[in-house]
Amino acid sequence: MSATPDRTLADPEQKQAMSLIRPALREYRTWGIDSSRWKGFEPRPDDIIVATYPKCGTTWMQQIVSSLIFQDATSRPLLD
């Protein structure tokens with residue numbers, strides 16, 4: 001799927017991609033996790049979501065994804 005800025009969700013290709021997102025089957029609430037924070041989240045067609053469990057290499061994974069997206073190993077701020 002090629003990304004162009006003038007696409008809308010009326011595009012059949014994007015509708016198909018967005019249909020892969022399904023509602024949550026369960027809610028999780030623990031001392032460190034609350035899945036209800038994702039209620040109402042609307043992903044954009046060009047969003048990339050990478051999830052890791054806390055304390056299991058989250059920062060490392062963010063740097064790997066950054067390197068893949070930007071095609072270089074330059075360290076970038078993670079919160080921008």
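Just so it is clear, none of the values below were taken in a lab; they were calculated from the coordinates. Keep in mind the model is a prediction, meaning the values are calculated, not measured. Backbone-built Cβ (ideal geometry, glycine too); neighbour counts: all protein chains shown.
Hey, fewest Cβ within 10 Å first, where do Asp47, Asp34 land in order? Intermediate results must be reported in sequence, preceding the final value.
Numbers: Asp47 8, Asp34 11.
Least crowded to most crowded, the residues run Asp47, Asp34.
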Simple label model, 7 Å out from Cα along Cβ direction - Tyr28 to Asp46, nm:
3.0
Through the Karplus equation 6.51 cos²θ - 1.76 cosθ + 1.60, θ set to phi - 60°, convert the phi angles of region 36-51 into ³J(HN,Hα) values in whole Hz; use x for Gly and Pro.
5, 5, 8, 4, x, 5, 10, x, 7, x, 9, 5, 10, 10, 10, 10
